[in-house]
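Contents: one structure, followed by commentary.
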Amino acid sequence: MIRKIQKIAVDVVDRLLELRVSPLVLAASFTSIIIFRTFIEDFIARGKYQFTENEAILYTIQNLFFFFVIFALIWIFLSFILKRNPRRLSGLMLWASWLLIFPPLIDMIRTGGGIYWSFYLLGSPSELWREFISAFGNLPSGIYYFGTRIMLVAMVFFIAGLVFFKTKNILKSFLSAVLTYSLFFFMGAFPSFFYFAYLLFWKRGNVWQTHAFSIMQFFVSSDRVFGLKFPDPGFLMTYHTNLILYILSLFFASLLFFISDRKKFRAVLKNSRLPQIIYHSGLFFVGLGLGYVLYPDNLNLNIFSIVAVLVLLLSVWLAWTASVIVNDINDYEIDRISNPERPLQKGIFTVE
């Protein structure tokens with residue numbers, strides 16, 4: 001009986017590993033799942049409170065970046081431990097992303113319609129360590145409760161089982177479970193770890209004297225970011241963490257791209273046309289300087305304003321890269337003669 005169950009499990013895993021989906025389909029599906037989860041949390045489970053359009057967008061973006069970073073980290077780890085190209089795990093990751101739907105649904109069943117709050121874990125290193133070794137056992141009942149714990153346990157066992165079925169190595173399976181749990185914990189306590197890094201490398205402060213209220217104060221200390229005002233401190237913290245998670249999302253998306261196909265990754269970088277990137281970056285900083293001259297009160301020099309500048313600069317680079325891709329597609333026939341060294345003309349990418 002056990003062997004039969006094991007064979008069925010292996011067959012299911014093998015079929016999932018054989019399933020391939022394109023990056024566009026995966027991105028659209030993952031985004032749709034996040035939007036659906038946010039809709040459940042903010043409009044169904046909390047139906048008595050009407051979120052504004054901006055608040056709903058802010059929370060949706062937070063969920064998108066937060067869970068993408070987690071899935072990207074697990075994806076990269078599985079690619080390494082299973083010795084598979086990330087493209088061969090795309091179908092598996094797509095199906096695994098459906099687990100994100102269940103925590104708020106489970107909470108609603110348990111509470112009769114409500115959900116438990118699950119962002120973020122704040123505390124000192126010693127407090128975080130106690131939560132880590134007790135699997136969030138010392139938290140108040142409304143934080144990281146029930147549905148989130150069930151999803152976490154399910155994901156840990158799923159990853160451990162997958163690694164065991166494919167490698168037959170108990171040690172790798174155990175280490176996979178520990179690392180998966182650690183990744184979830186790190187993201188759950190991400191603001192705390194970011195604050196620790198800020199104290200160590202920026203302020204040279206004492207990390208061990210950190211308290212939850214000092215972390216919260218750090219993230220909500222400014223009521224303006226480039227002139228944008230957030231009357232609710234909770235949304236200010238969400239905005240600040242979104243800035244950081246945006247950068248992390250781009251980094252891990254680029255890393256996945258690089259691991260999946262280094263040739264295509266290098267071709268995109270080479271085709272981005274460095275002189276134009278430098279030119280547009282210069283225009284960006286000129287505009288930033290003019291903005292400061294005309295509206296000096298809108299710039300509060302702190303760690304988050306620096307991160308915001310980096311986010312804007314990355315967005316300029318991405319916008320330029322997107323315009324290059326559109327231009328190359330539209331000028332395909334012309335570039336076959338005038339620029340035959342470009343990726344489309346060399347067959348590295350196709351226009352289909």
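Across the chain, Cα pairs under 8 Å and at least six residues apart give a relative contact order of 17 percent. Computed over the alpha-carbon pairs of segment 243-325, the distance histogram in 5 Å steps reads 3, 12, 18, 22, 19, 12, 7, 4, 2, 0 percent, short to long.
Between Tyr198 and Ile259, the FRET efficiency estimated from the beta carbon spacing at R0 = 35 angstrom works out to 0.75. For the residues Ile325, Ile76, Ile61, a GNM of the chain with alpha-carbon springs under 10 Å puts the largest fluctuation on Ile325. Going toward the positive end of the dipole of the chain, with +1 on Lys and Arg Cβ and -1 on Asp and Glu Cβ, which of Phe174, Phe201, Ile247 do you reach last? Of the candidates, Phe174 comes out farthest on the positive side. Computed from phi, the 3J(HN,Hα) profile of segment 26-39 under the Karplus parametrisation 6.51, -1.76, 1.60 (θ = phi - 60°) reads 5, 5, 5, 5, 4, 4, 5, 5, 5, 4, 5, 4, 5, 4 Hz, with x in place of Gly and Pro. Charge dipole of the chain (Cα centre as origin; +1 on each Lys and Arg Cβ, -1 on each Asp and Glu Cβ, all else neutral): 1460 debye, rounded to the nearest 20. Using the beta-carbon distance between Ile303 and Thr167 and R0 = 35 Å, what value does 1/(1 + (r/R0)^6) give for FRET efficiency, to the nearest 0.05? It comes to 0.25.
Where q = 0.12 Å⁻¹, what log10 of I(q)/I(0) comes from the Debye formula for the chain, counting one point per Cα? Summing over Cα pairs of the chain leads to -1.08. Across segment 204-211, coupling constants 3J(HN,Hα) worked out from phi with the 6.51/-1.76/1.60 Karplus curve, θ = phi - 60°, read 6, x, 8, 5, 6, 9, 5, 10 Hz, and Gly and Pro carry x.
Taking the empirical scaling 2.2 N^0.38 Å for compact globular proteins as reference, segment 156-293 has a Cα radius of gyration ratio of 1.46. The 1.4 Å probe gives accessible areas that order Asp331, Asp297, largest first, as Asp297, Asp331. Principal semi-axes of the equivalent ellipsoid, √(5λ) from the alpha carbon gyration tensor of segment 142-196, are 25, 15, 6 Å from largest down. Summarising the label geometry, the points placed 7 Å from Cα in the beta-carbon direction at Leu314 and Lys83 lie 3.3 nm from one another.
Between Ser221 and Glu333, the C-beta separation translates, for a Förster distance of 56 Å, into a calculated FRET efficiency of about 0.50.
The values are calculated or read from the model by the stated rules, or taken from the named source; none is laboratory data. Everything quoted here is computed from the prediction, not taken from an experiment. Cβ: placed from backbone, ideal geometry, glycine included. Neighbour counts: every protein chain shown. Surface accessibility is based on the protein's heavy atoms, side chains included, excluding ligands, DNA and RNA. Shrake-Rupley method; radii C 1.70, N 1.55, O 1.52, S 1.80 Å.
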